[in-house]
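The values are calculated or read from the model by the stated rules, or taken from the named source; none is laboratory data. Because the structure is predicted, anything quoted here is derived from the model rather than measured. Because the Cβ atoms are built from the backbone with ideal geometry, glycine has one as well, and the counts that use them run over all protein chains shown. Note: areas computed on protein heavy atoms with side chains; ligands, DNA, RNA excluded. Shrake-Rupley method; radii C 1.70, N 1.55, O 1.52, S 1.80 Å.
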Amino acid sequence: MEPPVLDLKHVRKVYKGKVEALQGIALQVPPGSVFGLLGPNGAGKSTLVKILTTIIRATECEGEMLGQPIGHKPSLQKVGYLPEHARFPDYLTGRQVVEYSAGMAGFTVRQASSRVEALLELVGMRDWAQRKVRTYSKGMKQRVGIAQALVNDPKLLFLDEPTDGVDPEGRREIREIVKRMREEGCTVFINTHLLSELEQVADRVAILAKGALVREGDLEELTKSKEEYEIVLASPLSDELVYKLETLSAVVANGHILFKGGDPKQLQPVIDFLRHHEVVIQSIQRNRLSLEELFLEVVEQSRNEEPT
Amino acid sequence: MIAIITLLLDSYRLLKARALFWITLGISGLVGLLYLSIGFNEGGMSLFFGLVSFEHELFRKGSEWAELLYIGIFTKFIVPLWITWIAIILGLISTASIFPDFMSEGSIELSLSKPVSRLKIFLTKYLGSLLFMLIQVGLFTVLVFFALKLRMGTWNPSVLWMVPLSLLVFSYLYAVVVLVTVITKSTLAGILFALLIWFGSFIMNAVEGNLYAAAYTQSQGGDAEMQENLKPWYRASVALYTVLPKTKQTIEFGDRLITVGGQKGFSTEDFTAALLGAEADREDLEGIDDAVRRNSGFYVIGTSLIFEGVLLSLAGWLFCRRDF
Ligand SMILES: Nc1ncnc2c1ncn2[C@@H]1O[C@H](COP(=O)(O)OP(=O)(O)OP(=O)(O)O)[C@@H](O)[C@H]1O
Ligand SMILES: [Mg+2]
C-alpha cells in the first residue's frame with residue numbers, strides 16, 4: 001500500500017496565554033482520499049492546518065507530510081491551501097491573485113497561464129477575472145481562493161471551510177471540484193463544521209473537539225453502526241396493534257414505526273404482520289445515522305467526559 | 001527567483017493602486033518642471049521658461065556662478081525640502097501599511113504557505129516597499145539631470161548620487177516603520193515612531209553640529225578656554241548621535257560627491273556667498289564647509305546602516321518566528 005500523504009504521530013500546540021489548541025494529535029490520511037476534519041468552533045481545526053502549512057509553529061511536532069517532516073518548505077510546492085477567511089489584496093484582479101499564487105510556488109506567468117485560465121473557468125470566474133478583487137462578493141472571493149489553491153497542481157490540498165459564504169449552486173460546484181481533484185489523484189483535506197457538505201464527498205472523517213481527536217474512521221463505518229428502518233403508514237394504528245408491534249421490538253412514534261438494526265431479513269416479520277392486518281404501508285426507508293447526529297453525539301460525549 | 005520577482009511585481013502593483021503615489025509623482029513632476037523652467041541668459045536669469053526674468057551680475061549665462069546656483073537650488077532647496085522632507089513623509093504614509101496589511105489574518109497565509117523561506121519573503125517585501133521612494137526620486141533626479149544638460153550644456157551624472165542617498169534616508173526610517181509594525185501591526189504606530197526617530201535625529205544633528213562649530217571652528221569668536229570646555233559636551237553629543245540614523249548628513253554627503261564646474265565638491269560657503277551677493281562677508285561664512293563635512297562618510301552612512309541593520313534584523317527575526 002502507498003504510504004500515507006499525511007502521517008501525524010504527535011502534534012501539540014499551546015498558544016501564548018496557555019491555550020492548548022491541540023493536545024497531541026495523531027492521524028493518517030491515505031493518498032487519493034477526501035479527508036474531512038470536523039469539529040465545533042475553536043476545536044483546533046485551523047490550528048492544525050496552519051501548522052502543516054508552516055503558518056504557525058507547533059509546540060511539539062512529530063510527523064510527515066508528503067514524505068518530509070512537517071515544516072519542510074520545499075514540499076509545500078506540492079501543497080495547495082485555501083485559508084479560512086481568505087482575503088486577497090484588493091488592488092489585484094482575480095487573475096492576478098491566481099498568478100501570484102502560481103509565482104510564489106515557482107511558476108512564471110507564462111508557465112502557469114493555461115492552467116490559470118482553466119481554473120478560472122472551472123470556478124466560474126472567467127468573466128470576472130479582469131476585475132479588481134475589491135468588487136467581488138464573498139462567494140466570488142472564495143471561488144478565486146479555490147482557484148489559487150489549485151494553481152500549482154497540488155498533491156495535497158487543504159481547504160479550510162471552503163463553502164463559507166458560497167451559495168448552494170457554488171457549494172455543489174465545489175463538491176464537484178473536490179471529486180474531480182480526487183480523481184486526478186490529489187488528496188483533499190477539508191476542515192468544516194458543515195457536515196452535510198462532507199457526507200457527500202468525504203471518504204474518511206475525523207472529529208476534533210477541544211484539541212483532541214475523538215473519533216476517526218471511514219465515513220461508512222462510522223455511520224453504519226446506527227441504522228434503522230422507518231415505516232410510514234397511511235392511517236394510525238389501533239392500540240392493540242401498537243402493543244403487538246412492540247413485542248416484535250419495533251417502536252411506534254407519531255404514526256411512524258421505527259425498527260432498529262440494518263438487517264432487512266429481520267424487518268420482514270414486521271411487514272408481514274402489518275400486511276396481515278391490512279395496514280396500508282406508505283413507505284419504508286432505511287435510515288443511517290447522519291454525520292450530523294454522529295457529530296453531535298460525539299461532541300456531547302467529549303463534553304461530558306470533561307472533568308469540571 | 002520567480003518568487004522574488006512575484007513579490008516585487010506585487011509591491012509595484014500595490015504602489016500603483018495608491019492615490020498618494022500618483023499625487024506625489026505628479027508633484028515631483030511639477031517641481032521638476034519648475035526647475036527646468038529656470039534659465040540663464042546674457043544679462044541674468046529667468047523663471048517659468050522666460051516668463052519672468054531679471055538681471056543679475058553673477059547669475060547669467062556662461063558664468064560659473066550660474067552652475068553653482070542651479071545645482072545649489074537642487075541640492076540645497078529641492079532635495080532637502082521636497083525629496084527628503086515632504087516626499088519622505090508622503091512615502092512613509094503610503095507604505096507604512098504594507099506590512100500590517102500583508103500580515104493580516106487571511107492574507108499572510110497565501111504567502112507563507114508557499115515553498116519560500118520567511119526571511120526571503122520579509123526582505124523582498126522590505127525592498128519592494130522602497131520602490132516608492134526609488135521611483136519618486138529616480139524620476140525627479142533624471143529630470144534634473146536633463147535640465148542640467150539643457151541649461152548648462154554639459155552632462156553632470158554626479159547629481160544622480162542624490163538617488164541612492166535619498167533612498168538611504170528613506171530606508172533608515174522605513175526600517176523603523178517595519179520593526180514597529182511587525183511588533184504592533186499598527187500602521188499609525190509605525191509612522192509615529194519613524195517621525196519620532198527622524199525628529200530625534202534632526203535635533204541631535206543640530207546639537208552636535210552647533211557644539212562642533214562652537215568647539216572647533218575659528219570663526220566662532222576663538223575663545224580658546226571656552227572651546228576647551230565645550231569639547232567634552234561635543235563628545236557626549238556624538239555618542240548620542242552615533243546610535244541614531246543620520247538623515248540630514250546623509251543628504252549633505254552629496255555635497256562631497258557632486259561636481260560643480262568640473263570640480264568635485266559643492267561648496268555651501270560659495271553658494272551662500274553667491275546668494276547673499278554684495279552683503280556677504282566671506283569671513284563669517286568660513287568654516288561652514290568644514291562643519292558640513294565634519295564627519296566622515298564612513299561615520300555618517302556606516303553608523304546609519306548599522307542602525308538600519310539592527311532594526312531590520314530584529315524585525316526579520318520576529319517576522320520569521322512569530323505565529324500568524
Ligand atoms: N493566535 C492565537 N492565539 C491564541 N489562541 C489562539 C490563536 N488562534 C487560535 N487560538 C485558540 O486556539 C483554539 C483553536 O482555534 P482554531 O482557530 O484552530 O479553531 P477551529 O477549529 O478552526 O474553529 P472554527 O471552526 O471556529 O474555525 C481556540 O480556542 C482559539 O481560541
Ligand atoms: Mg477554523
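State whether the residues of region A:164-185 include one that is in the same structural domain as A:Lys73 (by TED's automatic domain parsing), at positive phi and over 20 Å from the mean Cα position of the chain (by Cα). Lay out the reasoning, then the answer.
First, the residues of region A:164-185 that are in the same structural domain as A:Lys73 (by TED's automatic domain parsing): A:164-185.
From what is left, the residues that are at positive phi are A:165, A:185.
Add one more test, that the residue is over 20 Å from the mean Cα position of the chain (by Cα), and what stays is none.
Scanning region A:164-185 turns up no residue that is in the same structural domain as A:Lys73 (by TED's automatic domain parsing), at positive phi and over 20 Å from the mean Cα position of the chain (by Cα).
Might you let me know whether region A:28-37 holds any residue that is within 14 Å of chain B (Cβ to nearest Cβ) and within 12 Å of ligand 1 (Cβ to nearest atom)? Break it down into steps so the answer makes sense when it comes.
If we filter region A:28-37 for residues that are within 14 Å of chain B (Cβ to nearest Cβ), which is where we start, we get none.
No, every residue in region A:28-37 fails to be within 14 Å of chain B (Cβ to nearest Cβ) and within 12 Å of ligand 1 (Cβ to nearest atom).
Looking at A:Thr47, A:Thr54, A:Thr59, can you tell me which residue is within 14 Å of chain B (Cβ to nearest Cβ) and within 15 Å of ligand 2 (Cβ to nearest atom)?
Working: A:Thr54 fails: within 15 Å of ligand 2 (Cβ to nearest atom); A:Thr59 fails: within 15 Å of ligand 2 (Cβ to nearest atom).
The unique qualifying residue is A:Thr47.
From the residues in region A:94-118 that are more than 9 Å from every other protein chain (Cβ to nearest Cβ) and open to solvent by less than 10 Å² (accessible area, probe 1.4 Å), which one is farthest from the chain's Cα centre (by Cα)?
A:Ala112
Given the options A:Ala58, A:Ala86, A:Ala43, name the one that is open to solvent by less than 40 Å² (accessible area, probe 1.4 Å) and either more than 16 Å from ligand 1 (Cβ to nearest atom) or farther than 30 Å from A:Ser137 by Cβ (or both). Spell out the reasoning first.
Working: A:Ala86 fails: either more than 16 Å from ligand 1 (Cβ to nearest atom) or farther than 30 Å from A:Ser137 by Cβ (or both); A:Ala43 fails: either more than 16 Å from ligand 1 (Cβ to nearest atom) or farther than 30 Å from A:Ser137 by Cβ (or both).
Selected residue: A:Ala58, the only one of A:Ala58, A:Ala86, A:Ala43 that is open to solvent by less than 40 Å² (accessible area, probe 1.4 Å) and either more than 16 Å from ligand 1 (Cβ to nearest atom) or farther than 30 Å from A:Ser137 by Cβ (or both).
Being in contact (Cβ under 8 Å) with a residue 40 or more places away in the chain, open to solvent by less than 10 Å² (accessible area, probe 1.4 Å) and touching a helix residue (DSSP H, G or I) at 6+ places or on another chain (Cβ under 6 Å) narrows it down to one residue among A:Val188, A:Val178, A:Val214; which is it?
On the way: A:Val178 fails: touching a helix residue (DSSP H, G or I) at 6+ places or on another chain (Cβ under 6 Å); A:Val214 fails: open to solvent by less than 10 Å² (accessible area, probe 1.4 Å).
Every option except A:Val188 fails the conditions.
Out of A:Leu159, A:Leu150, report the one residue that is within 16 Å of ligand 2 (Cβ to nearest atom) and in contact (Cβ under 8 Å) with a residue 24 or more places away in the chain.
Working: A:Leu150 fails: within 16 Å of ligand 2 (Cβ to nearest atom).
When all the criteria are applied, what remains is A:Leu159.
(1) at the interface with another protein chain (Cβ under 10 Å from one of its Cβ atoms); (2) within 14 Å of ligand 2 (Cβ to nearest atom); (3) within 24 Å of A:Ala202 (Cβ to Cβ): which one isn't true of A:Leu22, the others all being true?
Condition not satisfied by A:Leu22: (1).
Tell me, which residue of region A:148-172 that is open to solvent by 20 Å² or more (accessible area, probe 1.4 Å) and closer than 23 Å to A:Gly185 by Cβ is farthest from ligand 1 (Cβ to nearest atom)?
A:Asp153
Give me the residue from region B:301-323 that is open to solvent by 30 Å² or more (accessible area, probe 1.4 Å) and within 16 Å of ligand 1 (Cβ to nearest atom) and, out of that set, farthest from B:Thr250 (Cα to Cα).
B:Asp323
Being farther than 14 Å from A:Leu92 by Cα and either within 27 Å of the chain's Cα centre (by Cα) or not in a helix (DSSP H, G or I) (or both) is the filter here, so list the residues in region A:127-139 that pass it. If you could, list the steps in order and put the result at the bottom.
Step one: filter region A:127-139 for residues farther than 14 Å from A:Leu92 by Cα, giving A:127, A:137-139.
Across region A:127-139, the qualifying residues are A:Ser137, A:Lys138, A:Gly139.
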